[in-house]
1. Scan the helices (runs of 4 or more DSSP H) fully inside the stretch 381-492 and keep the ones with 1 or more residues being within 15 Å of the ligand (Cβ to nearest atom), among the small types (G, A, S) and touching a residue at least 24 places away in the same chain (Cβ under 8 Å).
2. Mind checking which residues of the stretch 214-263 are among the β-branched types (V, I, T) and in a loop (DSSP other than H, G, I, E, B)?
3. Answer with yes or no whether G353 is part of a loop (DSSP other than H, G, I, E, B), in contact (Cβ under 8 Å) with a residue 24 or more places away in the chain and either among the aromatic types (F, W, Y) or crowded, with 16+ Cβ neighbours inside 10 Å (or both).
4. Report whether or not C359 is closer than 26 Å to A436 by Cβ, without any contact (Cβ under 8 Å) to a residue 60 or more places away in the chain, within 16 Å of the ligand (Cβ to nearest atom) and part of a helix (DSSP H, G or I).
5. Counting only residues that are out of contact with any Ser or Thr (no Cβ under 6 Å at 6 or more places or on another chain), in a helix (DSSP H, G or I) and away from the ligand (no atom under 14 Å from the Cβ), how many does the stretch 37-58 have?
6. For the stretch 175-183, does any single residue satisfy the condition of being under 24 Å from K110 (Cβ atoms) and in contact with a Pro (Cβ under 6 Å, 6 or more places away or on another chain)?
7. Is at least one residue of the stretch 3-11 buried (at least 21 other Cβ atoms within 10 Å of the Cβ), at pLDDT below 80 and either of a type in the set (D, E) or touching a Pro at 6+ places or on another chain (Cβ under 9 Å) (or both)?
Amino acid sequence: MAGGGLHVDGVRHYEGNVTTFVLITCFVAAMGGLLFGYDLGITGGVTSMEPFLIKFFPGVHKQMKDKSESKNQYCKFDNELLTLFTSSLYLAALVASFFASTTTRMLGRKASMLIGGLFFLVGSLLNGFAMNIAMLIIGRMFLGIGVGFCNQSVPVYLSEVAPAKIRGALNIGFQMMITIGILVANLINYGTSKHENGWRISLGIAAVPAILLCIGSLCVVETPNSLIERGKYEKAKKMLQKIRGTDKIDEEYQDLIDASEMAKNVEHPWKNITRPKYRPQLTFCIFIPAFQQLTGINVIMFYAPVLFQILGFGNDASLMSAVITGVVNVVATLVSIFTVDKFGRRVLLLEGGVQMFICQVIVGTMIGLRFGLNGQGGFSKVEADILLFFICAYVAAFAWSWGPLGWLVPSEICSLEIRPAGQAINVAINMLFTFAIAQVFLTMLCHLKFGLFFFFAGFVVIMTIFIALLLPETKNVPIEEMNILWTSHWFWNKIVPNDIDSKSKDNKSVL
Ligand code: BGC
């Protein structure tokens, strides 16, 4: 992948000429992000639809209807196959992302995106036409493979072909599209829930963006970086001229060749990252994605409609509440985009942590007071509104902190030498924890009851202290100067060998 500093002077005057090209690029990236978000957000609503439950999970449906005193509401949806319907996607994505990185390197970004799009398409069709649980789960696994391929290739593609000036915006756009995808899924669930076969529409309609992604990935050109990586130098040069709309690309072309050489010299990114010098990066690439999931956000993203039903909201109100949290998620992500370079990462992560903790404790306490340990009870209209308010405040806090920064921070602290390994670890840990939480949430709710909210709140305390103590501010620090942060940090300077020249002492941007 080309680093930010490589596209020097030459790029600036190409911009006027790349409009159509950039538009197609944006479009393909948007479809990739949208599909990921859509698949994230769709299952919660579908899982709460009665015709869906009657067809595939009649036992769960019976429990759901059972209002008898002996029945614990917390356990209404506790069924491992039902959670596998949501979680299997992440397991497949985890496995696929290892293959996807090789495909992206050997066959190019275009091929990876097309493969991703085709898996998305087959997955949506399998789900939309599902006759049994096996078709549902296999369909979700196909979608997961699509996610694995697209999450690997789309961001790389974007950073390689976008003119320098809009590169940042395009990458954040990918994040935004994920949240928009979740919202679209919530809205579609709300619209289809009244129909007998509404769940088929909800699941199957993902085929439309999947087809658009396939067509789009056939229309985009291969990136010059990828062609150089595969030794096609002449073709790469022509492609760069075409993309930039000018023949004057020699400087940039040379930069790409140099970058490719440099990347080839990075023979052992996996070995590199275990060196003491990279302990901070390794630590953050493991803990940040794990903590991002341990905020408990996907309890809301995956299971909000189910959770709201358990809490006694009607079917419509549950789906509507999910739409509301979806809107809050999109808007708060925008807040992050506009503040992250101004206030910095630490401020957002610390504020987000405190706000999430307060909200979780209030939500847990409210549920505890009304439902107690035996899961019998309900909320008045006003109480339900207050509860929804605090859930929204929690989602907002996540969406301007750990949501986008959970991806940004690990990627910006890794230098080229360790970037492939760092990114792979980050994605894999994220998918692993997403899978685990999606799989065990309903069972945990059944056993921990309202205490589940305190469980996640506890992790939020730990991760906030972790950030406060260990993460230096990375705002405005060029990637190549990141190492200075560690050698002048109160903790990391004991771990990282101090082999940086004295100019590091001038850097004041620590804690
Ligand atoms: C997380 C997802 C989550 C989403 C919510 C992302 O940053 O990785 O797990 O569902 O944010 O918007």
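The values are calculated or read from the model by the stated rules, or taken from the named source; none is laboratory data. Note that the coordinates shown come from a computational prediction; the quantities given were computed from them, not determined experimentally. For neighbour counting, all protein chains shown are included, and Cβ atoms are generated from backbone atoms with ideal geometry for every residue, glycine included.
1. Counting at least 1 such residues, we get 381-399, 402-413, 419-448.
2. Taking the stretch 214-263 as the starting set, the residues that turn out to be among the β-branched types (V, I, T) are 215, 220-221, 223, 228, 243, 246, 249, 257.
Within the stretch 214-263, V220, V221, T223, T246, I249 meet the criteria.
3. Taking the combined requirement at face value, the residue does not satisfy it.
4. So C359 passes the test.
5. 10
6. yes
7. Scanning the stretch 3-11 turns up at least one residue that is buried (at least 21 other Cβ atoms within 10 Å of the Cβ), at pLDDT below 80 and either of a type in the set (D, E) or touching a Pro at 6+ places or on another chain (Cβ under 9 Å) (or both).
One line per residue, one yes/no per condition, for (1) farther than 19 Å from V220 by Cα; (2) β-branched (V, I, T); (3) touching a residue at least 60 places away in the same chain (Cβ under 8 Å); (4) touching a strand residue (DSSP E or B) at 6+ places or on another chain (Cβ under 8 Å):
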residue: L82; (1), (2), (3), (4): yes, no, yes, no
residue: Y90; (1), (2), (3), (4): yes, no, yes, no
residue: I133; (1), (2), (3), (4): yes, yes, yes, no
residue: I138; (1), (2), (3), (4): yes, yes, no, no
residue: E160; (1), (2), (3), (4): no, no, yes, no
